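Notes follow once the structure below has been shown.
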Amino acid sequence: MALYKTYMKTQKICKVKFELSAEAAAGAERVWLAGDFNSWSSVDTPMKKQKDGSFSVTVPLETGCEYQFRYLLDGKRWENDWAADKYVPAPFSNTDNSVVIV
């Protein structure tokens, strides 16, 4: 799992590449990224499966903010990104959400 950040010099935007490793995906066929930036939609931000079994997607985010997120595997299982910048308690469950700071 990894987060790669590319800051735009002329805009207050950071392109964040979210990457879920093949090991973390554990054979999933489809993965979605859900978080504050897409109203926690479980379908709006699908991740592309790579040849090695990992998944990735790049999302432009406004800088100076923190965004909570999680990965949804095959529409059934939620997974955190263990390379996240930090974790915060999820408001509706006894788990944590991953956080990216840009």
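The values are calculated or read from the model by the stated rules, or taken from the named source; none is laboratory data. Everything quoted here is computed from the prediction, not taken from an experiment. All Cβ positions, glycine included, derive from the backbone under ideal geometry; neighbour counts span all protein chains shown. The accessibility values were calculated without ligands, DNA or RNA, using every heavy atom of the protein model including side chains. Shrake-Rupley method; radii C 1.70, N 1.55, O 1.52, S 1.80 Å.
Could you tell me whether TRP82 is open to solvent by 90 Å² or more (accessible area, probe 1.4 Å), in a strand (DSSP E or B) and not aliphatic (A, V, I, L, M)?
Numbers: open to solvent by 90 Å² or more (accessible area, probe 1.4 Å): yes; in a strand (DSSP E or B): no; not aliphatic (A, V, I, L, M): yes.
Here the answer is no, as TRP82 does not meet what is asked.
Any idea which of (1) touching a Lys or Arg at 6+ places or on another chain (Cβ under 7 Å); (2) at pLDDT below 95; (3) of a type in the set (Phe, Trp, Tyr) is the one PHE55 doesn't satisfy?
Among (1) touching a Lys or Arg at 6+ places or on another chain (Cβ under 7 Å); (2) at pLDDT below 95; (3) of a type in the set (Phe, Trp, Tyr), the lone unmet condition for PHE55 is (2).
Which condition number in (1) at pLDDT below 95; (2) among the acidic types (Asp, Glu); (3) touching a helix residue (DSSP H, G or I) at 6+ places or on another chain (Cβ under 9 Å) is the one that GLU66 fails?
(1)
Among (1) open to solvent by less than 80 Å² (accessible area, probe 1.4 Å); (2) aromatic (Phe, Trp, Tyr); (3) on the phi > 0 side of the Ramachandran plot, where does TRP40 come up short?
(1)
Could you please find all residues in region 22-57 being hydroxyl-bearing (Ser, Thr, Tyr), closer than 16 Å to ALA83 by Cα and under 12 Å from the mean Cα position of the chain (by Cα)?
Filtering region 22-57 for residues hydroxyl-bearing (Ser, Thr, Tyr) gives 39, 41-42, 45, 54, 56.
If we keep only those that are closer than 16 Å to ALA83 by Cα too, we end up with 54, 56.
If the condition is that a residue be hydroxyl-bearing (Ser, Thr, Tyr), closer than 16 Å to ALA83 by Cα and under 12 Å from the mean Cα position of the chain (by Cα), then SER56 is the only one that fits.
Determine which member of the set VAL59, VAL16, VAL43, VAL100 is in a loop (DSSP other than H, G, I, E, B) and aliphatic (A, V, I, L, M). Can you show your working first?
Values: VAL59 fails: in a loop (DSSP other than H, G, I, E, B); VAL16 fails: in a loop (DSSP other than H, G, I, E, B); VAL100 fails: in a loop (DSSP other than H, G, I, E, B).
The match here is VAL43.
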